[in-house]
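Derivation of every value follows stated rules applied to the coordinates shown; laboratory data play no part. These numbers were taken from a predicted model, which means no experiment stands behind them. No Cβ is skipped: glycine too gets one built from the backbone with ideal geometry, and neighbour counts run over all protein chains shown.
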Amino acid sequence: MTGQGLAAWGWDGRLAAAFAEHAADGLAPGRVVIEDRGSYLVRTADGEVRASVSGRYRHEAEVDPDLVFPAVGDWVALQGAPEADQRLVQGVLPRRTSIVRRAPGDHSAPEQVLAANVDTIFVMTSLNAELNPRRLERYLALGWGSGAEPVVVLSKADVAVSVEASLAEAGPVVLGAAVHVVSAKTGQGLDGLAGYLEAGRTIALLGSSGVGKSTLLNALAGQTVESTGEIRADDARGRHTTTRRHLVQLANGALILDTPGMRELGLVETDADLDATFGDVDELAADCRFSDCRHEGEPGCAVRGAIEDGRLDAGRLAGRRKLDRELARVDRERDPRLRAEERRRWRLIHASVDRRMKLKYGEDGR
C-alpha cells in the first residue's frame, strides 16, 4: 500500500489524495528529513534514501513559479527502485505551512524556505543577556506568517537573573502566543511542552544561534541528537552548533525540526502577518482621530496617548515601523512599478535639496 509506514511521519488521507497522480506514474512518496547543498535524505516507507532533484523537474521549476524545490519537511515524489543508491525527486506536494525568510544577502533570490509542513513553531529566546524583544517580534512575525502555531519558549531559565523581569519585558511582544519558561539542563518547564509533542505532529525550533535549540531537542529526545556548546562568557550567548536543518522523530512519535541559528532574518510576508504580531498597536490605532494617523504628534493620536500614559511600550511602535519599512522595501524589489516610483521620489527629493542649497548659497555654492 502506498504510504504504508509513513503515517508516523505525518502521512494522511489529504496527502494520499494529493499524491494520487504521482502514484499513477509509478512514483513513491517520501518526506525530506535533511537537506544538504542540493542533496536530500528522504524518509520513505522502505527507510531512509538519498535523493536529488531530477534534471526535468529542475528545468520545469526554474521556469514555472508554481513549482518549488524541496525543503526539510516537504513531501516529495520519488523515482527509482527502493534499493537504488540515489533516487530522483520528480515532484513536491503542496505545503500546508512553510517558514520562509528572505535569502540572506541575495536580493535576486528573495525567499528561502526554512521548513515545510510544520504544525507548531517553538520560537526560542534565552533568559539571559541575549533576550531582545525586537528580535522576538521579528521571529514571531515569521511564525505567524508561516500558517503554523507559534509558541514562545524562553529557555535557559537556570541562568536567568530574574525570570519575572524577563517575562515582563517579553510580555507585550507575545500577543496571542502561549509562553513557556524552560531549562533543558534542569528539566524545568519541559512538562509544559509535552502537550505539543503528539505522534505525527511536526514542531520546528526557531531562534538565534545559541538560544538552546539543540539542548532542548536533546532533552526532549532523552539522548544526544545534536551537539551543543557552552555559553560564551564575553556576551552571554551560546555557541552556534547546528549547521543544517534536520527532522528527527522522538520516541513518542513526535517530530522535531531543528534549525541553525540565523544572523539575518529578513521578512517576506505581508502586512496581514504583522497584524497578529502587533495587534495591540493596531487596536489602539483604530481609535486615532485620523484614519491615516502616522502617530507622529497628530492631535487625537490614541497610540501616542497610550505611550505617554504607559499603556503601550514605545518600542512596540518602533518595532512595527521598522518591519513595515522592511516589507515595503521587499514589495519594491518585487514590483518594477514600485521601484520606479521610489527612484522618482528620491530624484524629486534630491532636486528639492539642490534648489534650497542654491537659494541659500548661490549657484557657485559660496
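Annotations
- By other beta-carbon atoms within 10 Å, ranking 12, 309, 258 with the fewest at the front produces 309, 12, 258.
- Added length on full extension, which subtracts the Cα-Cα distance from 0.36 nm per residue, residue 134 to residue 175: 13.4 nm
- Shown in residue order for the stretch 63-78 are the 3J(HN,Hα) couplings computed by the Karplus curve 6.51 cos²θ - 1.76 cosθ + 1.60 at θ = phi - 60°: 10, 10, x, 7, 9, 10, 7, x, 10, 4, x, 6, 9, 10, 9, 10 Hz (x for Gly and Pro).
- For the stretch 143-150, the Karplus equation 6.51 cos²θ - 1.76 cosθ + 1.60, evaluated at θ = phi - 60°, returns couplings of x, 4, x, 6, x, 8, 8, x Hz by residue, with Gly and Pro reported as x.
- Residues 293, 301 in ascending order of nearby Cβ atoms (within 10 Å, fewest first): 293, 301.
- Distant-in-sequence amide contacts of residue 53, defined by a placed amide H-H separation under 5 Å and a gap of 5 or more residues or a different chain, comprise 89.
- Within the stretch 146-216, the GluC sites (Glu not before Pro) that combine a DSSP coil assignment with at most 16 other C-beta atoms in a 10 angstrom radius are 198.
- Restricting the trypsin sites (Lys or Arg not before Pro) of the stretch 11-118 to loop positions (DSSP other than H, G, I, E, B) with no more than 10 neighbouring Cβ atoms within 10 Å leaves 37.
- Extension reserve of the residue 7-residue 188 stretch, reckoned as 0.36 nm per residue once the Cα distance is removed: 62.0 nm
- Taking all pairs of distinct alpha-carbon atoms in the stretch 7-94, Kirkwood radius in angstrom: 12.9
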